[in-house]
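K.L.:
Below is the structure I would like to discuss, written out as structure tokens.
The values are calculated or read from the model by the stated rules, or taken from the named source; none is laboratory data. Everything quoted here is computed from the prediction, not taken from an experiment. Cβ sites come from the backbone with ideal geometry, for glycine too, and all protein chains shown count toward neighbours.
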Ligand code: HEM
């Protein structure tokens with residue numbers, strides 16, 4: 001296998017490059033073919049191995065004792081230490097399940113995993129469908145809008161806020177928080193007059209105050225939402241979950257769940273606009289919403305990558321990686337791997353089987369995958385039933401982020417039927 005590839009490593013890493021041109025599929029195709037375990041050295045980041053094939057990501061994800069999450073999943077993350085006795089405003093100490101390894105990770109994941117099973121999530125069916133209907137109703141019968149702002153971001157926001165016990169009038173704070181945390185390199189999304197760290201701290205403080213109110217209320221008046229479960233959670237030894245961990249859990253569910261689902265929905269609509277035959281198929285057969293969502297997650301891969309840190313030496317495809325080194329698993333690349341997908345560059349809403357890695361796999365498989373599926377499915381179903389015409393109204397723009405990736409704007413012109 002040769003490595004005759006010439007590319008700028010920044011195209012794989014730098015948020016603003018994703019902001020200009022989206023995901024670097026041409027480079028990944030070359031890497032999958034010629035150098036699937038490729039050492040990347042750039043002036044801006046510590047060196048890492050880029051992992052681009054589906055089979056290798058499966059292999060790595062199933063070995064959490066070798067490939068650790070302990071130093072964080074993002075390329076620039078720094079290690080932190082958790083303390084159970086700290087105050088919720090000591091955000092620097094906060095650590096969430098995505099930064100833990102077994103056995104600690106399993107203990108913490110178990111706290112909420114019962115809430116996220118398909119059977120348990122089923123009880124959200126009605127709320128999610130009503131929410132999808134209300135979002136589409138708001139568009140009126142015809143007009144132009146930014147699909148990201150009006151639909152893709154509002155729908156998952158309401159669904160997650162419901163799970164977390166947040167009132168509709170407090171949703172805007174949540175929206176700002178997630179934008180700041182995940183797309184903070186994008187100047188359009190930053191708070192005016194503040195630097196990024198300052199803005200993040202001040203948003204976290206606002207969110208911390210809201211969270212404290214909700215958690216105290218759920219301790220006194222538990223309901224069947226996730227906020228109540230987290231507020232009253234016990235660890236395996238019977239002790240209460242510490243305040244930092246409770247806040248971290250609450251925060252990761254929201255931040256991991258919002259932008260990802262928003263970007264899947266907006267990227268899915270973009271793919272349908274670019275493939276009018278698929279849009280016609282979906283509108284003629286709304287029951288295809290289920291397979292559409294799987295294809296949308298494969299196609300958009302909103303979580304572009306996850307980083308792992310080697311705890312011991314490991315050889316993969318002849319490349320000897322050393323303990324202490326890092327690797328980055330590009331899910332978006334694995335989801336175009338022709339060893340697994342027939343015609344991977346074709347958007348096909350009836351693709352079956354569809355063994356995409358958009359939700360990851362193994363130890364850290366997305367905890368909210370069923371929520372994401374349910375909420376995206378309800379929206380595509382609603383649109384399939386009601387869209388008479390929809391077309392681009394201007395070019396889309398991309399978020400400057402290389403971690404949770406996707407569209408910043410998607411202007412559309414539409415005609416919509418009233419709900420049946
Ligand atoms: C289309 C939407 C979504 C996508 C593409 C997505 C993708 C992912 C991926 C790739 C991972 C890491 C998997 C790994 O390392 O193997 C992950 C983890 C996670 N996701 Fe999602 N996600 C989505 C929606 C959600 C939602 C709606 C929630 C919550 C309601 C959520 C909560 C989480 C949590 C808590 C983790 C960490 C799990 C762990 O470390 O054990 N995600 N997600």
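K.L.:
Does residue 395 fit the bill of being away from the ligand (no atom under 16 Å from the Cβ) and either more than 17 Å from residue 154 (Cα to Cα) or out of contact with any helix residue (DSSP H, G or I) (no Cβ under 9 Å at 6 or more places or on another chain) (or both)?
P.N.:
For residue 395, the condition - away from the ligand (no atom under 16 Å from the Cβ) and either more than 17 Å from residue 154 (Cα to Cα) or out of contact with any helix residue (DSSP H, G or I) (no Cβ under 9 Å at 6 or more places or on another chain) (or both) - is met.
K.L.:
Here's something else I'd like to know. Please specify each residue of the range 328-347 satisfying the condition of being more than 15 Å from the ligand (Cβ to nearest atom) and within 17 Å of residue 376 (Cβ to Cβ).
P.N.:
347
K.L.:
Show the residue pairs meeting these rules: Cβ distance below 6 Å; 6+ apart or different chains; first residue within the range 351-376 and without any contact (Cβ under 8 Å) to a residue 60 or more places away in the chain; second residue part of a helix (DSSP H, G or I) and more than 8 Å from the ligand (Cβ to nearest atom).
P.N.:
Pairs found: none.
K.L.:
Please specify each residue of the range 183-224 satisfying the condition of being at pLDDT below 90 and assigned to a loop (DSSP other than H, G, I, E, B).
P.N.:
Once the filter is applied, which keeps residues that are at pLDDT below 90 and assigned to a loop (DSSP other than H, G, I, E, B), the range 183-224 yields 183, 184, 185, 186, 190, 191, 192, 193, 194, 195, 224.
K.L.:
Working carefully through the options 292, 300, find the one that is within 13 Å of the ligand (Cβ to nearest atom) and farther than 28 Å from residue 97 by Cα.
P.N.:
From the options 292, 300, the qualifying one is 292.
K.L.:
Going residue by residue through the range 354-369, is there one that turns out to be crowded, with 22+ Cβ neighbours inside 10 Å, over 18 Å from the mean Cα position of the chain (by Cα) and farther than 18 Å from residue 74 by Cβ?
P.N.:
Within the range 354-369, none of the residues are crowded, with 22+ Cβ neighbours inside 10 Å, over 18 Å from the mean Cα position of the chain (by Cα) and farther than 18 Å from residue 74 by Cβ.
K.L.:
Within the range 101-148, which helices (runs of 4 or more DSSP H) (wholly inside it) include 2 or more residues that are closer than 16 Å to residue 385 by Cβ and over 20 Å from the mean Cα position of the chain (by Cα)?
P.N.:
125-137
K.L.:
Hey, residue 243 hits all of (1) out of contact with any helix residue (DSSP H, G or I) (no Cβ under 7 Å at 6 or more places or on another chain); (2) within 15 Å of the ligand (Cβ to nearest atom); (3) under 18 Å from residue 97 (Cα atoms) but one; which does it fall short on?
P.N.:
(2)
K.L.:
Something else about it: Right, residue 323: in contact with a strand residue (DSSP E or B) (Cβ under 7 Å, 6 or more places away or on another chain) and either surrounded by fewer than 21 Cβ atoms within 10 Å (Cβ to Cβ) or on the phi > 0 side of the Ramachandran plot (or both) or not?
P.N.:
yes
K.L.:
Just one of 98, 121, 127 is under 24 Å from residue 405 (Cα atoms) and modelled with pLDDT of 90 or more; which is it?
P.N.:
98
K.L.:
Would you pick out the residues in the range 398-415 that are surrounded by fewer than 21 Cβ atoms within 10 Å (Cβ to Cβ) and either over 21 Å from residue 175 (Cβ atoms) or free of Cβ contacts under 8 Å to residues at least 60 places away in the same chain (or both)?
P.N.:
Correct list: 413, 415.
Listed here are the residues, each with its yes/no results for (1) on the phi < 0 side of the Ramachandran plot; (2) within 16 Å of the ligand (Cβ to nearest atom); (3) touching a strand residue (DSSP E or B) at 6+ places or on another chain (Cβ under 8 Å).
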{"site": "313", "(1), (2), (3)": "yes, no, yes"}
{"site": "360", "(1), (2), (3)": "no, yes, yes"}
{"site": "367", "(1), (2), (3)": "yes, yes, no"}
{"site": "370", "(1), (2), (3)": "yes, yes, no"}
